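One structure is given here, and the rest of the page talks about it.
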Amino acid sequence: MKKWLPLLCITTSCLAAEPSPERQTILLNLLKNDCGACHGLTLQGGMGPALLPDSLAGKTDEFLVSTILNGRKGTAMPPWQPFINHDEALWLVGVLRNGKH
Amino acid sequence: MKKIVSLLAFLLSFNVLAGLRATGDLGIVIEREDGAALIINTTEHKQLAKIGKLGDLSHASVVFSRDQRYAYIFGRDGGLSKIDLLQDKLDKRIIQAGNSIGGAISQDGKLIAVSNYTPGGVKVFSSETLELVADIPADYGDGKRSKVVGLVDAPGQRFVFSLFDAGEIWMLDMKNPQKPIIEKFKNIGKLPYDALISPDGRYYIAGLFGESGMALLDLWNTKSGVKRILPDYVKTEEKLPVYKMPHLEGWAVAGDYVFVPAIGKHEVLVIDKQNWKLVKAIPVPGQPVFVMARPDGRQVWVNFAMPDNNQLQVIDVKDLSLIKSLTPGKAVLHMEFTPRGEQVWVAVRDDDQLVVYDTETLQEITRLPAQKPNGIFFSARAHKIGL
């Protein structure tokens, strides 16, 4: 089974390295507090839109990762690149799609 | 028998006395993740009670009844909770909208207004029963509804608020609760994100996210409309990414000077209230979020957006310079002065603590535990316009 794991990863989008447990804690804290400041503690939206699995369903990982890293011009969404790298953003997108955080 | 009765009466009266509590030096601390409110005593530095099940308090604010008995908490999830400070309990709670941002209490204390994102608008409730009195949808054409921000009370039983998406300021007159009168000011600027009213209830100022400057409405002279002040501050091209929207509540005014956070810049702006011109841009080590004056106006305390949110800076108003840098802990979110300003309480979210400072010596006095605190509100707000 172990042999197949890398293959599984290629077919889903977990090519990216998963953040360390410590980083995961930091990222989840960031999600709850800093993202939550605009998107709501339960991510149902506020000044920014809802980030629930349903609301993200039609959007690609690429688009969401880019939104997180580069922000959205003309809106209040800032670029999070100084604090989060690409793999971490992708991991966060997975967390959001999962809806359990 | 008579003896026993009088003894009983004596004991009873003693009991009643022991249970007496005044509320003028109490306050509410919001615990965002627990969805709870702590009732605290600011004189004794003590937690008196914890009231839970208040919903999503990720952006909660609080106003107080004029008798200072009740605290009204506005939650993110549209919850409006009325807390009884005398009995440490939740008195009433309603869910009045899907998503809300703040509220205000009317001049006469009888009405509570809430500003909502979804559905965009303002709802007004009886402060006693929390029954709906008026529903003011923030319609701005073609069936569109705007998020509402910067809701404050104003003299004359009025509320003033800003429409984030529409770029408008509305003034709501509730003298006759059955017949609300709305006066609209349009094209005030793009994306007003928050607003404040001066302590005398005369000037309403909305900060703009979508363009430079701030929108000023003189409530003594509404016919002259909304004016743009500081039109060059801060220009879009020089704006840094904003990781937390500044808050304008708690207008910092000292003499003729008004202190406001520069959005997207590491500066606190000092404005002359006589002509609304910039007096000085004080450089600070981060993007300011709250810029609050000590009640006597001698000091202004500033906290910051991430990644500089571990610190507090103190400005001496006498010479408009920074005099002290404090590092209370991780994620300094909010502060509140005692009514006459000898102490300030600070919420340090990621350290799960409240830190109390002496504002004269700038030394720490004590720390109290609180779970992820994000807002501190003292009952002295009950008697202040705009708070």
From the residues B:F304, A:P79, B:I169, which one has its Cα farthest along the dipole of the protein assembly as shown in the positive direction, the dipole being from +1 and -1 charges on Cβ of Lys/Arg and Asp/Glu about the Cα centre?
-> B:I169
One finds, for B:R340 and A:T25 with R0 = 45 angstrom and r their Cβ-Cβ distance, a FRET efficiency to the nearest 0.05 of 0.60
Cβ charges +1 (Lys, Arg) and -1 (Asp, Glu), total dipole of the stretch A:21-98, debye | 200
Taking the Cα centre of chain B as the origin, how large is its charge dipole in debye, to the nearest 20, when only Lys and Arg (+1) and Asp and Glu (-1) carry charge on their Cβ atoms?
-> 720
Go through A:K73/B:K50; A:K32/B:K50; B:K175/B:K235; A:K100/B:K239; B:K147/B:K235; B:K92/B:K147 and tell me which ones have a Cα-Cα distance over 30 Å in this structure.
-> A:K73/B:K50; B:K175/B:K235; A:K100/B:K239
Hydrodynamic calc, the stretch A:21-98: Kirkwood Rh from Cα pairs, then Stokes-Einstein at 4 °C with viscosity 1.567 mPa s, so D in µm² s⁻¹ is 104
Helix B:2-19 vs. chain B, principal-axis angle (Cα, 0 to 90°, nearest 10) | 20
For the protein assembly as shown, whose charge dipole is built from +1 on Lys and Arg Cβ atoms and -1 on Asp and Glu Cβ atoms, the candidate among B:L130, A:W91, B:V348 with its Cα farthest towards the positive end is B:L130
Loop-resident sites, the stretch A:67-98, for trypsin sites (Lys or Arg not before Pro), counting at most 15 other Cβ within 10 Å (DSSP) = A:R72, A:K73
Using alpha-carbon pairs under 8 Å, 6+ residues apart, how would you state the relative contact order of chain B in percent?
-> 11
Beyond 32 Å between alpha-carbons counts as too far, so tell me which of B:K227/B:K280; B:K53/B:K227; B:K186/B:K324; B:K123/B:K186 fall in that bin.
-> B:K53/B:K227; B:K186/B:K324
Would you look at the GNM of chain B, springs on alpha carbons closer than 10 Å, and say which of B:L132, B:L333, B:L163 moves the most?
-> B:L132
Assigned charges on the beta-carbon of Lys, Arg, Asp, Glu; the stretch B:57-106 dipole about Cα centre (debye) = 60
For chain B, with a Gaussian network of springs between Cα atoms less than 10 Å apart, report the residue from B:S146, B:S321, B:S198 with the top mean-square fluctuation.
-> B:S321
Any idea what the relative contact order of the stretch A:21-98 is, in percent, if you count C-alpha pairs under 8 Å spaced at least 6 apart?
-> 23
Compute the FRET efficiency between B:D108 and B:K223 as 1/(1 + (r/R0)^6), taking r as their Cβ-Cβ distance and R0 = 22 Å, and round to the nearest 0.05.
-> 0.30
Spatially proximal aspartates and glutamates relative to B:K277 (Cα-Cα < 12 Å; intrachain offsets below 8 disregarded) = B:D232, B:D256
In the Gaussian network model of chain B, springs joining C-alpha atoms below 10 Å, which of B:S162, B:S115, B:S325 carries the largest mean-square fluctuation?
-> B:S325
With r defined as the distance between the Cβ atoms of A:F63 and B:K318 and R0 fixed at 41 Å, what FRET efficiency is calculated, to the nearest 0.05?
-> 0.20
Largest to smallest principal axis extent of the C-alpha atoms in chain B, angstrom | 84, 52, 35
Euclidean distance between Cα centres, the stretch B:74-116 to the stretch B:251-310, Å = 29
Sequence-distant aspartates and glutamates (8 or more away, or on other chains) whose Cα lies within less than 18 Å of B:K184 | B:D135, B:D139, B:D142, B:D153, B:D165, B:E168, B:D173, B:D194, B:D218
Scattering profile of the stretch B:239-362 at q = 0.13, 0.15, 0.18 Å⁻¹ [log10 I(q)/I(0), Debye over alpha-carbon scatterers] = -0.45, -0.61, -0.89
May I have the pair-distance distribution P(r) for the protein assembly as shown, computed from all Cα-Cα distances with 20 Å bins from 0 and rounded to whole percent?
-> 23, 56, 18, 3, 0
Longest DSSP-loop-exposure-free segment, GluC sites (Glu not before Pro), chain B, at most 11 other Cβ within 10 Å | B:132-387
Listed by chain and number, the residues whose amide H is under 5 Å from that of B:Y117, excluding neighbours fewer than 5 places away on the same chain and using placed H, are B:N99, B:S100, B:I101, B:V148
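None of the figures in this text is laboratory data; all of them are computed from the coordinates on show. Predicted model, so just to flag it, every value in this text is computed and none were measured. Here Cβ is always computed from backbone atoms with ideal geometry, including for glycine, and neighbour counts include all displayed protein chains.
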